[in-house]
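This report concerns only the one structure given below.
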Amino acid sequence: MSIIKTLVSQIRSIWLTFINIFSKRETIMYPEKSVYLAPRYRGRVILSRNLNGEERCVACNLCAAVCPVGCISLKKSISKTNRWYPKFFRINFSRCIFCGLCEEACPTAAIQLIPDFELSEYKRQDLVYEKEDLLISGPGKYSDYDFYQFSGVEIEGKKKGNLDYESNPIDVKTLLP
Amino acid sequence: MIESILVLFLTLICATIMSVVERRILGLLQNRYGPNRVGWQGTLQIVADMIKILFKEDWIPMFSRKAIFVFAPMLSFVSLLLVIAIVPISSNFVIINLDIGILFFLMMASLSIYPVLFAGWSSNNKYALLGAIRATAQTLTYEVFLGLSLMGVVVRAQSFNMIDIVNSQILLWNCIPQFFGFITFFIAGLALCHRHPFDQPESEQELSDGYHIEYSGMKFGLFFIGEYISIIIVSSLITTMFFGGWFGFGLSAIFWFIFKTMFFAFLFILIRASLPRPRYDKIMLFGWKFCFPLTLINLIFTAFFMLCKA
């Protein structure tokens with residue numbers, strides 16, 4: 001009896017497979033049709049600039065420290081305006097796992113993961129991106145964020161207390177009220 | 001003479017094209033596209049496959065029995081291809097009109113075990129040998145009622161000649177009075193072609209490709225195309241034995257024959273797409289305990305009714 005049951009269920013499964021001829025194909029014809037990626041998709045890593053066109057990265061090394069695979073390497077340097085910037089910034093995309101921790105760790109919103117996954121190269125060496133490959137001209141996801149306009153860090157042209165929500169620092173060595 | 005060569009080459013070309021057509025149909029059944037990159041909608045895929053298979057390294061393992069290793073794919077390719085000679089395509093178009101037509105088919109079907117066994121044994125590889133043993137055991141199991149399921153048809157037509165068999169179906173196709181014969185022949189035909197769900201000798205998951213694991217290049221291609229040839233042959237035989245061969249209404253005989261054959265080839269692919277591979281002992285059990293008695297009962301009843309009629 002069970003063998004007849006099995007036969008009936010097999011004929012039913014053949015029929016159900018046959019029905020699929022009339023249903024729509026689910027394949028995404030990728031190179032011809034572009035894939036929709038959510039705005040928060042974690043794809044290619046970029047370095048962004050602020051609205052004045054200066055690079056946001058201050059080479060604090062937090063992204064490299066937090067990176068679980070250690071694919072980021074950079075070196076700090078100080079510009080004439082007393083501003084930190086990365087002398088070189090290198091991401092090895094053959095190791096990157098696109099976890100997004102670097103973006104979380106970045107205090108200046110410089111390093112960002114954008115919805116773009118078309119990163120294939122013929123040679124593995126080409127997957128090592130230098131700063132000029134990573135740096136884009138725009139601000140990326142956070143358009144109005146400028147680290148130096150929000151933090152109390154002193155650079156040339158901006159003393160401590162210059163921001164409108166800051167009070168001027170108290171000089172503890174003077175006796176004047 | 002020219003017609004014979006034409007039929008032979010058409011079968012070969014159809015078998016080659018089927019390797020792509022099968023993938024397209026599988027795609028259709030599984031809601032995806034098959035190969036559709038080369039040429040318009042994948043029409044040149046067959047050319048790409050040919051180039052790939054011809055330029056692959058044709059490696060003969062040094063630990064193999066070389067003569068048999070080379071001989072096996074050729075035998076596999078030829079054994080069922082020869083059966084096309086006895087299949088009547090229309091009432092006056094058959095390559096050889098043999099009086100023992102069905103027996104010739106059964107002989108070639110039995111011979112088709114040998115290439116598998118040779119290939120598995122001469123590869124000198126455990127997986128290949130296991131695949132060959134499976135294939136042999138399975139084919140022996142299904143061979144028994146492959147013959148017996150046809151005997152009901154023979155009893156009805158009172159002849160082994162294929163043309164006589166088709167002519168005996170002029171009023172009623174054999175698939176209705178010989179329904180169980182048809183079902184069992186279809187199942188045995190699936191097993192004969194090593195098609196899913198009877199692809200035990202090639203099961204990728206357990207045996208990593210069974211008896212043709214050591215084959216590469218064109219030798220593998222011969223096995224590969226041999227499988228499609230056997231699908232075409234078995235479906236043309238189902239057409240001839242159970243679905244009235246060239247009979248049909250309106251259109252020409254050759255059209256009806258090719259249409260029915262294509263339908264059964266499609267059914268083979270449909271079954272591949274839908275059924276999972278059962279366990280090995282279940283397959284043997286199903287053959288011996290269900291199909292074999294069914295064919296015997298079918299044969300006894302057919303003979304009984306024929307005696308009553310006479």
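Over the alpha-carbon set of region B:238-310, divide Rg by the Kirkwood Rh and report the Rg/Rh ratio to two decimals. Reported Rg/Rh (Cα atoms, Kirkwood Rh): 1.12.
Counting only other chain Cβ atoms within 10 Å of each residue's Cβ, the peptide A:26-34 averages 2.
Using alpha-carbon pairs under 8 Å, 6+ residues apart, how would you state the relative contact order of region B:1-144 in percent?
19
Using R0 = 41 Å, the C-beta based FRET efficiency linking A:PHE117 and B:SER216 works out to 0.75. Scoring A:28-36, B:196-204, A:68-76 by mean Cβ neighbours within 10 Å over their residues and listing the highest first yields B:196-204, A:68-76, A:28-36. Stretched out straight at 0.36 nm per residue, the stretch from B:ASP164 to B:PHE249 would grow longer than its current Cα-Cα span by 28.6 nm. The coefficient of translational diffusion for region A:102-160, derived via Stokes-Einstein from the alpha carbon Kirkwood radius under 20 °C and 1.002 mPa s, stands at 150 µm²/s.
Set the Förster distance to 45 Å, then compute FRET efficiency between A:PHE150 and A:SER34 from the Cβ-Cβ distance, nearest 0.05.
After rounding to 0.05, the efficiency reads 0.80.
Within region A:75-170, the GluC sites (Glu not before Pro) that combine a DSSP coil assignment with at most 12 other C-beta atoms in a 10 angstrom radius are A:GLU118, A:GLU121, A:GLU130, A:GLU156, A:GLU166.
Of the three principal axes defined by the Cα atoms of region B:48-114, the extents in descending order read 48, 30, 13 Å.
The lysines whose alpha-carbon is closer than 22 Å to the alpha-carbon of A:LYS158, local same-chain residues fewer than 8 away aside, are A:LYS76, A:LYS80. Counting beta carbons within 10 Å around each of B:ILE187, A:ILE3 and listing the fewest first gives the order A:ILE3, B:ILE187. Using a cutoff of 8 angstrom between alpha carbon atoms and counting only pairs six or more residues apart, the relative contact order for region B:204-267 works out to 28 percent. The orientation-averaged shadow of the Cα convex hull for region A:63-165, equal to a quarter of the hull surface, comes to 7.7 nm². Average projection, convex hull of the Cα set of region B:155-310: 11.1 square nanometres.
Taking the convex hull of the Cα atoms, report for chain B its projected area averaged over all directions, in nm².
Reported value for the Cα convex hull: 17.0 nm².
Each peptide in B:215-222, B:90-97 was scored by the mean count of other Cβ atoms within 10 Å over its residues; highest first, the order is B:215-222, B:90-97.
In summary, the lysines within cross-link reach of B:LYS126, defined as a Cα separation below 26 angstrom excluding same-chain residues under 8 places away, comprise B:LYS56, B:LYS66, B:LYS219, B:LYS282. Helix A:2-19 against the longest principal axis of chain A: what's the angle in degrees, Cα atoms only, rounded to the nearest 10? Rounded to the nearest ten degrees, it is 60.
Taking Cα centroids, how far is region A:110-177 from region B:182-224 in Å? First find each Cα centre; the distance between them is then 63 Å. Once C-alpha pairs closer than 8 Å and six or more residues apart are averaged by separation and normalised to the residue number of chain B, the relative contact order reads 24 percent.
Working from the Cα coordinates of chain A, the gyration tensor eigenvalues give, after taking √(5λ), semi-axes of 54, 20, 16 Å in decreasing order.
For a distance above 32 Å, tell me the whole-number percent of Cα pairs in the protein assembly as shown that qualify. Beyond 32 Å sits 58 percent of the P(r) for the protein assembly as shown. Summarising the label geometry, the points placed 7 Å from Cα in the beta-carbon direction at A:ASP171 and A:SER23 lie 7.9 nm from one another.
Peptide B:31-37 has a mean of 3 when you count, residue by residue, the C-beta atoms of other protein chains within 10 Å of its C-beta. Taking every DSSP beta bridge that has both ends in the protein assembly as shown, the antiparallel portion is near 95%. Expressed in nm to one decimal, what extension gain is obtained for the pair B:MET74 and B:GLU204 from 0.36 nm per residue of sequence separation less their Cα-Cα distance? Computed gain between B:MET74 and B:GLU204 is 44.5 nm.
By the count of other C-beta atoms within 10 Å, a proxy for reagent exposure, A:ARG25, B:ARG277 are ordered fewest to most as A:ARG25, B:ARG277. Excluding same-chain neighbours fewer than eight residues apart, the aspartates and glutamates reachable from B:LYS309 by a Cα-Cα span under 20 Å are B:ASP164.
Among A:THR81, A:THR108, A:THR17, B:THR295, the ranking by other beta carbons within 10 Å of each residue's beta carbon, starting with the fewest, stands as A:THR81, A:THR17, A:THR108, B:THR295.
What value, in deg cm²/dmol to 500, does the helix sum -39500 (n - 2.57) over DSSP H runs of n ≥ 4 give at 222 nm once divided by the residues of chain B?
Value at 222 nm, helices only: -21500 deg cm²/dmol.
Sorting B:42-52, B:171-181 by average packing, meaning the other beta carbons within 10 Å per residue, from highest down gives B:171-181, B:42-52. Peptide B:272-282 has a mean of 2 when you count, residue by residue, the C-beta atoms of other protein chains within 10 Å of its C-beta.
Go ahead and collect, in residue order, the members of region B:203-228 whose backbone nitrogen is under 16 Å from a label point 7 Å along the Cα-Cβ direction of B:GLN30. Residues B:203-205 qualify, since their backbone N sits under 16 Å from the label point. When Rg and Dmax are taken over the Cα atoms of region B:25-71, they come to 16.8, 45 Å.
Checking a compactness column here: for region B:96-215, what do you get for Rg(Cα) / (2.2 N^0.38 Å), N being the number of residues?
With N residues counted in region B:96-215, Rg over 2.2 N^0.38 Å equals 1.24.
No value in this document is a laboratory result; all are computed from the given coordinates. The structure displayed is predicted, hence computed values, not measured ones. When we count neighbours, we look across all protein chains shown, and the Cβ atoms used for this are built from the backbone with ideal geometry, even at glycine.
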